[in-house]
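The values are calculated or read from the model by the stated rules, or taken from the named source; none is laboratory data. Please read all numbers here as calculations on a predicted model, not as lab measurements. Cβ atoms come from the backbone with ideal geometry, glycine included; neighbour counts cover every protein chain shown. Each accessible area value is taken on the protein alone, full model and side chains, heavy atoms only, with ligands, DNA and RNA left out. Shrake-Rupley method; radii C 1.70, N 1.55, O 1.52, S 1.80 Å.
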Amino acid sequence: MQFKLKNPDEFTMTLAKRGFTRNHFSKVAKVSRAYLHQIVKHEQTFGPVTAKKISDTLAMEFEELFTTII
């Protein structure tokens, strides 16, 4: 099962509202900066482990952030 961000612009705004830069967020979430960039630009889908890291770091519900790709 693969995922993508529902709304990359909203995701970026959420990071800013919570005081994260993409670089800082990638370190805290333990996702590489390059991989996070690809995710935000919809160049890369990702699996459940990465989705959980992102949602847990933001303390947001999975369904708020991601769309499932079958």
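Data for the structure
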{"item": "Spin-label model distance (nm) - Arg18 vs Ala59, 7 Å beyond Cα toward Cβ", "result": "0.9"}
{"item": "Reachable aspartates and glutamates from Lys41, criterion Cα separation under 14 angstrom, eight or more residues apart if same chain", "result": "Asp9, Glu10"}
{"item": "Aspartates and glutamates with Cα under 16 Å of Lys52, excluding same-chain neighbours fewer than 8 positions away", "result": "Glu61, Glu63, Glu64"}
{"item": "Cα→Cβ-extended label distance, 7 Å offset, between Ile70 and Lys30, nm", "result": "3.2"}
{"item": "Sites matching GluC sites (Glu not before Pro) across the stretch 18-70 that sit in DSSP coil, with at most 11 neighbouring C-beta atoms within 10 Å", "result": "Glu43, Glu61"}
{"item": "Cα coordinate range in the chain, projected on the principal axes (Å, largest first)", "result": "33, 22, 20"}
{"item": "Share of carbon and sulfur in the accessible heavy-atom surface of the chain [1.4 Å probe, %]", "result": "53"}
{"item": "With DNA, RNA and ligands ignored, accessible area of Ser32 (1.4 Å probe; Å², nearest 10)", "result": "70"}
{"item": "Per residue value of the accessible surface for the chain (all protein chains in place, 1.4 Å probe), Å²", "result": "64"}
